[in-house]
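Contents: one structure, followed by commentary.
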Amino acid sequence: MPFFSNKVPADYEKSERLDKYIASLPNGMNRSKLKSGVTEILINGKKVKLSQKVKAGDQIDIQWEDNIPTNIEPENIPLEIIYEDDNVTVVNKHQGMVTHPACGNWTGTLVNALLYHWGRQSIEQLKEGSDSEILERRRPGIVHRLDKETSGIIITAKNRDSEEFLQKQFKDKHLQKEYILITTGRPPAKAGDIRTQIIRDPKNRHRFKAVIDTDQGKFARTIYHCIACYGNYSLIRVRLKTGRTHQIRVHMKYLGCPILGDSVYNKPDSQFPNATLMLHSKKLKIRLPGAKDFSTFITPTPNRFKKIEKLLKQKYPKVIK
C-alpha cells in the first residue's frame, strides 16, 4: 500500500484541519482521495481522523489504497445461517472471512455474500461525501464485526430501521456476547474482570496494547472464566462489556496467556505449529426488532477447537483452577 509522510514546518502558524492541510501541499492528496482510500492516519504516532487539527512540528503518516472498486458486488458464497426473518440474518461466520469490504479485501466478504443471499443489486461506492456516508456504502447491514480469523455469531440487518435498532443495543451494551478461546499459558485466577485502556502499540501500528493508570486510548472491559487447564494451555470463556478492536486478543496477552494461533499477539507454538486463531464467538443474546424478549443464539464448537482439545486431553490431565 502507498504511504505518505510529512512533517509540519516548525514555523507553521495556522491551526488547520488535516485534510485541508494535506490537500494544500504540492505532493498532497485531494480530500476525495483522502476520504475514500485512506486506511490509516497517524499524527505523532497516534491514530486520528481527517478533522484533526495540525500544528507546527506534527509528524503526519498516512497509508492508503488505490484501485478502490466502483461497486460492491453480490457474490454467491455459501453462508451458515443460524436464524433469519424479515429484519435480520444471523450467521455463523467461518474463520478466514472478512466481515465487510475494506482496503485489501474488496471481495469475498460477508457483505458480498449477504447481498447475493438477499437478492440485492451491486452497491455503487461513493467518492465524495462524509466519512460516515462512504463507510455506510461499504458495509450495508453490518452492525458489528468479527476479525477475519475469528469465527462465530454475527447478526446483520436487512433494512435501515433494523440496523439502527441493533446498533443502539450494541452502543448501549444492552446485549450479551460470549466467546470461547484456547490460550497458551494460564490466567492468574480462575475468573477475573479485566479493565484497562487500549492504545495502539507505538512499536507496531498493526497491534494494540492494554495499559493502566492513563487516560489515553479507549476503556475496555472483559470478564473471563477459566473452564479448564491442560498443561500450559487453558480453555477460557469470556464476555465482552466493551467492543474494542482486538480486545480479547489484547486482554489475553495482558494476562500473560495469549491466544493459541494468534500470529499478531503470540509466538508460533511448537506443539501446535499449524494452529489458527483459537477464538470463536459462541453466544449472542440480543433483542430482535419488534420483539419484547431477548433471543439467544448459540453456535456449535468449531472442529478446530475439538481437534486441539482432544490432543490436550490425551496428553495432559484436566485441571480446574
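At a 10 angstrom cut-off on C-beta neighbours, averaged per residue, how do the peptides 199-212, 147-160 rank from highest to lowest?
147-160, 199-212
Quote the charge dipole size of region 82-234 about the Cα centre in Debye, to the nearest 20; the model charges only the Cβ of Lys and Arg (+1) and of Asp and Glu (-1).
Around 640 debye, computed over region 82-234.
Tell me, what is the percent relative contact order of the chain, built from C-alpha pairs under 8 Å that lie six or more residues apart?
Computed over the chain, the figure is 14 percent.
Among Met252, Tyr316, Val38, which residue has its Cα positioned farthest towards the positive end of the charge dipole of the chain, with +1 placed on the Cβ of Lys and Arg, -1 on the Cβ of Asp and Glu, and the dipole taken about the Cα centre?
The listed residue farthest towards the positive side: Tyr316.
Is it possible to state the helix-based mean residue ellipticity at 222 nm for the chain, with each DSSP H run of 4+ residues giving -39500 (n - 2.57), the sum divided by total residues, to the nearest 500 deg cm²/dmol? What is it?
About -6000 deg cm²/dmol.
Using a cut-off of under 14 Å, list every residue of region 40-65 whose amide N is near the label point 7 Å from the Cα of Lys20 along the Cα-to-beta-carbon line.
Within reach of a label on Lys20: 50-55.
Mind checking which of Ala102, Ser51, Leu175 is farthest towards the positive end of the chain's charge dipole, using Cβ charges of +1 (Lys, Arg) and -1 (Asp, Glu) about the Cα centre?
Result: Leu175, furthest along the dipole toward the positive end.
Let me check something: with ligands and nucleic acids excluded, how do Glu163, Glu75, Glu124 order by accessible area (1.4 Å probe), largest to smallest?
If we order Glu163, Glu75, Glu124 from most to least accessible, we get Glu124, Glu75, Glu163.
What label, among [x] 2.62; [y] 1.09; [z] 0.99, belongs to Cα Rg over 2.2 N^0.38 Å computed from the structure on display?
Derived directly from the coordinates: [y].
With everything on Cα atoms, drop me the angle between helix 303-315 and the longest principal axis of the chain, reported from 0 to 90° to the nearest 10.
Its long axis makes an angle of about 50 degrees.
Could you work out how far the C-alpha centroid of region 256-287 sits from that of region 291-316, in angstrom?
Comparing the Cα centres of region 256-287 and region 291-316, I get a distance of 13 Å.
Treating the beta-carbon of each Lys and Arg as +1 and of each Asp and Glu as -1, no other charges, what is the dipole magnitude of the chain about its Cα centre, to the nearest 20 debye?
1480
Taking the Cα-to-Cβ direction at Ser270 and at Ile223 and moving 7 Å from each Cα, how far apart do the two end points lie in nm?
3.9
Cross-link candidates for Lys93: which aspartates and glutamates have Cα within less than 17 Å, leaving aside residues fewer than 8 places away along the same chain?
Within reach: Glu75, Glu80, Glu84, Asp147, Glu149, Glu178.
Pairs of lysine in region 139-198 with Cα under 26 Å and at least 8 positions apart or on different chains: total?
Counting lysine pairs in region 139-198 gives 12.
As a test, work out the antiparallel percent of DSSP beta bridges whose residues both lie in the chain, rounded to the nearest 5.
95
Work the Kirkwood hydrodynamic radius out for region 152-191: mean of 1/r over every pair of different alpha-carbon atoms, inverted, in Å.
In region 152-191 this quantity evaluates to 13.1 Å.
If the viscosity is 0.890 mPa s and the temperature 25 °C, what Stokes-Einstein diffusion coefficient in µm²/s follows for region 201-287 when Rh is the Kirkwood radius over Cα pairs?
Stokes-Einstein gives a translational diffusion coefficient of 171 µm²/s.
The values are calculated or read from the model by the stated rules, or taken from the named source; none is laboratory data. Computed from a prediction, not measured in an experiment: that's the story for all the values here. Note that we place each Cβ from the backbone using ideal geometry, even for glycine, and neighbour counts take in every protein chain shown. Each accessible area value is taken on the protein alone, full model and side chains, heavy atoms only, with ligands, DNA and RNA left out. Shrake-Rupley method; radii C 1.70, N 1.55, O 1.52, S 1.80 Å.
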